[in-house]
Amino acid sequence: MTTQLPRLDPEWLTTFLAISEHGGVLAASRALHLSQPALSARIQRLEDAVGQSLFHRTSQGMTLTDAGKRLLPVARKLPTLLREALETVDPENTLPQTAPLRLSASSTLSDFVFPTLIAEYARTHAIAGVELRSGNTDEVLAAVRSGRVNLGAVEGLTRAAGLHLEPFLHDEIVPVYSPEHLSSELIPTVSKAVSLETLRQLPLLWREYGSGTRRVIEDTLSHSGIRIQTLKPQYVFGSTMALKNAALAGLGIAFLPRRILQQELALHRLSIMNTKGLEIRRTFSWVLPSGDLPPELHSFYQWVLAHFHQDANV
């Protein structure tokens, strides 16, 4: 005698995925172009079928219960399984990609690296769109852990609890200033090689706490004997672009990725401060959840790895 399994409608699981990614019924209904009552009814039927509550419901939105977290990696396999089922029956039935690339990245990557990569990738791969979310390192890790995105990218980390990190890009951070706007009494100081001790006397611009860029700089300075508490962080900004614009405006000295400064350095709008004994290097890494990536993201992930593997110094 066999036990009859409960019926699970694929549309229920599609709804479950949408709500888990968007954090609530309202946002999911907009993404799926369905009414909120229809989505709520689907989730109720799914919860009845599995005999478990899958979401915590609060005034701030919906978050996954432990049962929901266990279901999430399995539900993510649904689009692949449906595609394979159709292609097995009819090998000529090659469906176009229907799911957009959903990923989250720290601001340097989302503002300056990924837009170009996505454009290059789209020239040779059929994609259904891209949802690229920007945040600091802590926010990216949280987005992947919660299932709001399936793939993330951060800098400066070698490990993260419950997640797998895969390095794919190396970068250098340099201290820069505006030679046009920086006050005249400081220009002689920063126009020649200066010691790390001189940093204590200069106006510095910083990223916010939780930023991977800030963490890398603090670690490097600490290893060089400079404690962040002894410096003068007069201004704090929430993105790499804001930090660069502040340096261009002459607010002070900013630590920025060299790869985003080619134009400003060539036009002499920014200059690199030659600091003796200071070299700041970092590594960008993919943030991967446990389980398999959706096929559209796995393809992009592998393509980026191969893209940067062609030049280890990129």
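The values are calculated or read from the model by the stated rules, or taken from the named source; none is laboratory data. Being a predicted model, the structure only gives us computed values, none of them experimental. Reconstructed Cβ throughout: ideal geometry from the backbone, glycine too, with neighbour counts over all protein chains shown.
Comparison of 277, 291 shows that the only residue that is in a loop (DSSP other than H, G, I, E, B) and more than 19 Å from the chain's Cα centre (by Cα) is 277. Filtered by the rule that a residue be within 25 Å of residue 107 (Cα to Cα) and either charged (D, E, K, R) or in a helix (DSSP H, G or I) (or both), the stretch 228-252 gives 228, 229, 232, 240, 241, 242, 243, 244, 245, 246, 247, 248.
Flag: residue 243 does not match the condition of being farther than 19 Å from residue 156 by Cα, touching a residue at least 12 places away in the same chain (Cβ under 8 Å), in contact with a strand residue (DSSP E or B) (Cβ under 6 Å, 6 or more places away or on another chain) and among the hydrophobic types (A, V, I, L, M, F, W, C). Exactly one residue among 91, 10, 96 is closer than 25 Å to residue 128 by Cα and either at pLDDT 80 or above or surrounded by 12 or more Cβ atoms within 10 Å (Cβ to Cβ) (or both), and that residue is 10.
Under the condition of being assigned to a loop (DSSP other than H, G, I, E, B) and in contact with a Lys or Arg (Cβ under 6 Å, 6 or more places away or on another chain), the residues counted in the stretch 204-227 number 0.
Listed by first and then second residue, the pairs linking a residue in the stretch 204-231 that is more than 18 Å from residue 258 (Cβ to Cβ) to a residue that is buried (at least 17 other Cβ atoms within 10 Å of the Cβ) and polar (S, T, N, Q), with Cβ atoms under 6 Å apart and 6 or more places separating them unless they lie on different chains, are 210/136.
Exactly one residue out of 102, 145 is assigned to a helix (DSSP H, G or I), at pLDDT below 90 and under 29 Å from residue 65 (Cβ atoms), and it is 145. Scanning the stretch 148-163 for residues that are of a type in the set (Lys, Arg) and either closer than 27 Å to residue 27 by Cβ or not in a loop (DSSP other than H, G, I, E, B) (or both) yields a count of 1. For the stretch 260-299, the tally of residues that are among the basic types (Lys, Arg), surrounded by 15 or more Cβ atoms within 10 Å (Cβ to Cβ) and touching a strand residue (DSSP E or B) at 6+ places or on another chain (Cβ under 7 Å) stands at 1. Contact map, the stretch 118-132: first residue of a type in the set (Ser, Thr, Tyr), second residue in a loop (DSSP other than H, G, I, E, B) and surrounded by 14 or more Cβ atoms within 10 Å (Cβ to Cβ), Cβ cut-off under 9 Å, separation 6 or more or different chains; pairs are 121/127.
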